[in-house]
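Presented below is the structure to which this report refers.
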Amino acid sequence: MNPQPEIVLVDDEEMVLTSVSALLMLETECNVHTFLSPAEAIRHLETHPVDLVVSDYLMPQMNGIQLLAKSKELQPEAARVLLTGHADKGSAIQAINAVGLYHYLEKPWENAQLLMIVNSAVERTQLLRQVQAMISDLDNAHDSLKDIQTRLIKAFL
Amino acid sequence: MEPAAATEFELERLRAQVAALSKDAVLAQLAAGVIHEINTPIASIFSNIDVMERSLEAIEAQLGAGGPPKALALLKMMRNLVQVDRMACQRISGVIRGLKLHARGEEEGLCPAHLNQLVEDSILLVGSEYKRRIAFITDLGDLPPVECNPQLIGQALLNLLVNAAQAIEAEGQVTVRTAVEGDQVLISIADTGTGMTDEVKQKIFHTAFSTKALGVGTGLGLPLTYRIITEQHRGTITFTSELGRGTTFEIRIPITTKEP
Ligand SMILES: Nc1ncnc2c1ncn2[C@@H]1O[C@H](COP(=O)(O)OP(=O)(O)O)[C@@H](O)[C@H]1O
Ligand SMILES: [Mg+2]
């Protein structure tokens, strides 16, 4: 019914990308796009609607919070999850409120927990999109009602 | 000892302490780097082990009980290997968690922590040096999360465990027990070591008091542990000791600590 969920996964370590995408391929219906560089991930986000962005924190050119902030700007409804190493915990937590994280996970992560977060994040984004669509349908309906109303009124004047 | 010799000895001890402290600081820094470096590969391996297990299950389900016997046997073998890998990984990450408690990282404040996990990780760390001659036995009760600074409690546990192990000359046992006592938790660490004379008992919490050889003892472990437990956690630390039989330390900390 829903289109295949789209996930963007960003980590500067190839092995993390491989491990997480293998898990998601096995256990979900999601289409996973992996990126070693935040800049490339942003380029993808500029042109493709996605349901969820999962990002590492410490990366060379740009940290995960900066990336997720950019993602929020480009696609506010896409859920954002930070997957961080232990050492960056403090600084990461401080920045969490700034970008409105859906969830925060520490490495090593539990696959069962990651799956739960991914599934509920995707579901939330898709619901959000449906609600948005319904609201704009309502708006349209409202507009045409108004239209009819004005025409009716005109007809009687 | 002659006064001059005594001063000489004190000076020597002081020098050793300074050296030990700065070595500790350097090592803690190094450990933080090493831990960070190991953490990602371990995370990846853990995840892969889980995915392989899930995949093997899926393949087994596809083949069904009537599948080719050789293939089924290989699958079973792979499942066993995956389980061994998982246990191996758990052991590595337990040691890493133990080291994390002592690495120079961001200081954590009070937070709800699982003391039994802390006890197990600390034993894993100390055990790696002593397990050939000392049996570490645990009797861990059902504990609620305890509001504490895990890094500091880990340090206190490590001091007590190392002292217990060092008090045992040849072979022996260290038994660690945890339990709830009213609104406190108890952690007791009992060893079958040398025990202490009455004179030693009087002084063990004094800064720089040590009966150990230079280079082994600094006399800083117990005073630090005392401060961690009584000042930083509003707890208590007590001990009983019998020469030739062994020593038991008991620490009690409130389950919820009011900020001191
Ligand atoms: N479990 C124990 N059994 C016997 N003696 C102990 C034990 N724990 C501590 N002590 C005594 O207390 C002294 C001070 O301990 P501590 O402050 O940890 O310093 P250190 O271990 O560097 O000597 C030790 O030197 C030892 O004499
Ligand atoms: Mg000591």
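In whole angstrom, note down how far apart the Cα centers of region A:99-134 and region B:57-134 are.
After rounding, the separation between the Cα centres reads 27 Å.
Quick one: accessible surface of A:MET15, probe radius 1.4 Å, all protein chains present, in square angstrom to the nearest 10.
Counting only protein heavy atoms, the figure is 80 Å².
Once the Cβ-Cβ distance between B:ALA20 and B:ALA65 is put in as r, and R0 is 60 Å, what FRET efficiency do you end up with, to the nearest 0.05? Walk me through the numbers on the way to the answer.
Values: r = 62 Å, r/R0 = 1.04.
Result of the calculation: an efficiency of 0.45.
Please average, across the residues of B:44-55, the number of beta carbons from any other chain that are within 10 Å of each residue's own beta carbon, and give a whole number. Before the final figure, lay out each step's value.
Values: counts 11, 3, 6, 13, 6, 2, 9, 9, 2, 1, 5, 2.
That average works out to 6.
Can you give the longest run of chain B that contains no GluC sites (Glu not before Pro) sitting in a DSSP loop with at most 11 other Cβ atoms inside 10 Å?
Working: sites that count: B:GLU107, B:GLU169, B:GLU171.
Longest site-free region, per DSSP loop and neighbour criteria: B:1-106.
Which three extents, in whole angstrom, do the alpha-carbon atoms of region B:29-109 cover along their principal axes, largest first?
Each principal axis gives a Cα extent; for region B:29-109 these are 57, 20, 16 Å.
Evaluate 2.2 N^0.38 Å with N set to the residue count of region B:112-254, then give the Cα radius of gyration divided by it. If you can, show how the numbers build up before the last one.
On the way: Rg = 14.3 Å, N = 143, 2.2 N^0.38 = 14.5 Å.
That works out to 0.99 for region B:112-254.
Considering every residue in A:18-28, what mean count of other chain Cβ atoms within 10 Å of its Cβ is obtained?
On the way: counts 3, 10, 4, 0, 7, 5, 1, 1, 6, 4, 0.
Partner Cβ neighbours, averaged per residue: 4.
Calculate the tail of P(r) for chain B: the fraction of all Cα-Cα distances greater than 35 Å, expressed in %.
29 percent
Going Cα to Cα from A:LYS70, which aspartates and glutamates come in below 13 Å? Please leave out same-chain ones fewer than 8 positions away.
Of all the aspartates and glutamates, those that pass the test against A:LYS70 - Cα under 13 Å, at least 8 places apart if same chain - are A:GLU40, A:GLU46.
Interface size between chain B and chain A, please: total buried accessible area, 1.4 Å probe, rounded to the nearest 100 Å².
Numbers: alone 15190 and 9370 Å², together 23000 Å².
Answer for the B-A pair: about 1600 Å² buried.
Suppose a student asked you for the relative contact order of chain A, using Cα pairs under 8 Å spaced at least 6 residues apart; what percent would you report?
Values: 204 pairs, mean separation 30.5, N = 157.
Dividing the mean separation by the residue count of chain A yields 19 percent.
May I ask you to give the solvent-accessible area per residue for chain B, in square angstrom, as obtained with a 1.4 angstrom probe? Can you show the working numbers first?
Details: 14370 Å² over 260 residues.
It amounts to 55 Å² per residue over chain B.
With label points built 7 Å along Cα→Cβ from the Cα atoms of A:MET15 and A:GLU46, find their separation and express it in nm.
3.3 nm
For chain A, rounded, prolate or oblate, judged on the Cα gyration tensor with a ≥ b ≥ c (square roots of eigenvalues), a/c < 1.5 rounded, else prolate if a/b > b/c? Please report the intermediate quantities before stating the final value.
Details: a/c = 2.89, a/b = 2.30, b/c = 1.26.
The shape class here is prolate.
For B:VAL95, what accessible area in Å² do you get when you roll a 1.4 Å probe over the heavy atoms of the protein chains, rounding to the nearest 10?
50 Å²
Checking the a/c ratio against 1.5 first, then a/b against b/c, what shape does the Cα gyration tensor give for region A:1-63?
Numbers: a/c = 2.80, a/b = 1.32, b/c = 2.12.
Judged from the Cα gyration tensor, region A:1-63 comes out oblate (a/c at least 1.5, b/c at or above a/b).
Write down the percent of antiparallel bridges among all DSSP beta bridges whose residues are both part of region A:8-157, to the nearest 5.
Values: 0 of 15 bridges.
So the antiparallel bridges amount to about 0 percent of the total.
The values are calculated or read from the model by the stated rules, or taken from the named source; none is laboratory data. The structure displayed is predicted, hence computed values, not measured ones. We place every Cβ from the backbone using ideal geometry, glycine too, and count neighbours over all the protein chains shown. Each accessible area value is taken on the protein alone, full model and side chains, heavy atoms only, with ligands, DNA and RNA left out. Shrake-Rupley method; radii C 1.70, N 1.55, O 1.52, S 1.80 Å.
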